[in-house]
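S.K.: One structure, pasted below without further comment.
The values are calculated or read from the model by the stated rules, or taken from the named source; none is laboratory data. Owing to the predicted nature of the structure, the values given are computational and were not obtained by experimental measurement. Here the Cβ positions follow ideal geometry from the backbone for every residue, glycine too, while neighbour counts run over all protein chains shown.
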Amino acid sequence: MQSPKYTARAHTNIALIKYWGKLDQDLIIPMNSSLSLTLDKFYTDTSVFFDSTLKQDIFRLNNKESSSLKVTHFMKVLREKTGETRFAMINSENHVPSAAGLASSASAFAALALAASRAAGLVLDSRSLSRLARRGSGSATRSIYGGFVEWQQGSDDATSYAVPFEENVAWDLSMIAVVISAKQKKISSSVGMQRVVATSPYYSAWRKTAAQDLAAMKKAIKKRDFRQVGTIAEENAMKMHALNASAHPHFSYFEPASLQVMKIVADLRSNGIFCYYTLDAGPNVKIICQNKDIQTILAALAPSFSQERLVVAGPGPGVKLIDKP
Ligand code: ADP
Ligand code: DP6
Ligand code: CO
């Protein structure tokens, strides 16, 4: 017996204040609250149905049969929560490079949470969906909503979820993604942050400043103070990468080209073009800018990066069903 098939689309999000460390590995309760912007250009479409003839979950990513411990674990959690006993056929398409620091796990598990819960017969409200997506990947907690989103760390499964900070962003703000490498990273986000929590001597300082950065960021967004938003985001990202540099064994997600982009951004800024960078667990740089400066920034990048490596993204929407029975 087959369940009806549901297909969901979720967009990725890039954190302006980063989540980097878990208090609880299994429940994915973070060490600090975070705040992100959901992007329109990068997303995942995932369809799910349950089938009693399947002996295990089948996961196809970009039309290729794949295996993912994250997906296996998530489906186990989903069956426990919903009472569904059948295995699932999962088909997913990433319109974002996978595992390259462009937040594929965020859009992936937000889409999977919606499609799989509906296929299992459950209609969840946004908060419950955010909690469910969290069990797949922390950043997915935030991709339930569009625009600026805050993930309130909470202290347990019931209290750790995202809330919209500003869903419809009426602001001429963009992120230019410089795609330096679409290759899968060597150290996954989960592994990287776990090592940092266990070994970085600076971790307690990070938690303290992340809370201060978040409060300042929320004020700056409300005031529409673009320079303040950019400055706090860039500094917060660099503090996160400083944790990686201070871990044991230390590691870095930067490639030479990442540093090159960072320097181009710094040079633009000295010339009065106010733009800022942020990097996640991967070499790709996201440039936070105002729409009026996009062409100037693209021109500064053009000698070093071909056009198809430069993706201009704006604020994107929350998760939704794009196909249902
Ligand atoms: P990223 O920077 O892309 O978020 P992560 O290391 O956080 O990288 O997560 C990558 C992992 O997320 C992949 O190894 C895979 O397990 C999972 N993933 C990526 N895309 C999908 C998808 N569409 N559906 C299910 N799981 C996915
Ligand atoms: C640097 O959500 O990918 O992008 O919870 O282990 O799946 P898991 O990690 P993930 O980590 C994201 C880290 C980050 C910062 C952020 O998105 O807040
Ligand atoms: Co991720």
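S.K.: All but one of (1) over 19 Å from the mean Cα position of the chain (by Cα); (2) under 28 Å from GLU150 (Cα atoms); (3) in a loop (DSSP other than H, G, I, E, B); (4) not hydroxyl-bearing (Ser, Thr, Tyr) hold for PHE254; state the number of the condition that does not hold.
M.R.: Unmet condition: (1).
So that you can scan it fast, the table gives a plain yes or no per residue for (1) assigned to a loop (DSSP other than H, G, I, E, B); (2) of a type in the set (Val, Ile, Thr); (3) exposed (fewer than 13 other Cβ atoms within 10 Å of the Cβ):
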residue	(1), (2), (3)
LEU259	no, no, yes
LEU268	no, no, no
TYR277	no, no, no
ASP293	no, no, no
THR296	no, yes, no
ALA300	no, no, no
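S.K.: Here is a list of conditions, (1) away from ligand 1 (no atom under 16 Å from the Cβ); (2) more than 23 Å from GLN152 (Cα to Cα); (3) buried (at least 24 other Cβ atoms within 10 Å of the Cβ), and THR44 meets all of them except one; can you say which number that is?
M.R.: Against the list (1) away from ligand 1 (no atom under 16 Å from the Cβ); (2) more than 23 Å from GLN152 (Cα to Cα); (3) buried (at least 24 other Cβ atoms within 10 Å of the Cβ), THR44 comes up short only on (1).
S.K.: Specify which of the listed residues (SER304, SER270, SER258) is touching a residue at least 60 places away in the same chain (Cβ under 8 Å) and either outside the structural domain of PHE226 (by TED's automatic domain parsing) or hydroxyl-bearing (Ser, Thr, Tyr) (or both).
M.R.: SER258
S.K.: Among the helices (runs of 4 or more DSSP H) confined wholly to the range 103-200, which include 2 or more residues that are assigned by TED's automatic domain parsing to the domain that holds ALA10?
M.R.: Result: 104-119, 126-134.
S.K.: Still on this structure, please answer the following. Being within 16 Å of ligand 3 (Cβ to nearest atom) and either in contact with an Asp or Glu (Cβ under 7 Å, 6 or more places away or on another chain) or modelled with pLDDT under 95 (or both) is the filter here, so list the residues in the range 16-34 that pass it.
M.R.: ILE17
S.K.: Can you confirm whether the range 185-193 contains a residue that is closer than 20 Å to GLY314 by Cα and among the aliphatic types (A, V, I, L, M)?
M.R.: Looking for residues that are closer than 20 Å to GLY314 by Cα and among the aliphatic types (A, V, I, L, M), one finds none in the range 185-193, hence no.
S.K.: May I ask you to list pairs of residues, at least six apart or on different chains, whose Cβ atoms are under 6 Å apart, with the first in the range 36-50 being among the charged types (D, E, K, R) and the second being surrounded by fewer than 24 Cβ atoms within 10 Å (Cβ to Cβ) and not in a strand (DSSP E or B)?
M.R.: Qualifying pairs under 6 Å: ASP40/GLY314; ASP40/GLY316.
S.K.: Please state which of the following conditions SER155 fails to meet, knowing it meets all the rest: (1) in contact with a Lys or Arg (Cβ under 9 Å, 6 or more places away or on another chain); (2) more than 16 Å from ligand 2 (Cβ to nearest atom).
M.R.: It is condition (1) that SER155 fails.
S.K.: Of all residues being within 11 Å of ligand 1 (Cβ to nearest atom) and of a type in the set (Gly, Ala, Ser) in the range 58-97, which is nearest to VAL123 (Cα to Cα)? Just the residue, please. Full working, then the answer.
M.R.: Here is the first cut: in the range 58-97, the residues within 11 Å of ligand 1 (Cβ to nearest atom) are 59-62, 66-75, 90-97.
Next, from what is left, pick out any that are of a type in the set (Gly, Ala, Ser): 66-68, 92.
Details: SER66: 28, SER67: 27, SER68: 26, SER92: 21 Å.
Of everything passing the filter in the range 58-97, SER92 is nearest to VAL123 (Cα to Cα).
S.K.: Let me ask another. Kindly establish whether ALA103 is surrounded by 24 or more Cβ atoms within 10 Å (Cβ to Cβ) and within 6 Å of ligand 1 (Cβ to nearest atom). Break it down into steps so the answer makes sense when it comes.
M.R.: Values: surrounded by 24 or more Cβ atoms within 10 Å (Cβ to Cβ): yes; within 6 Å of ligand 1 (Cβ to nearest atom): yes.
Criteria met by ALA103.
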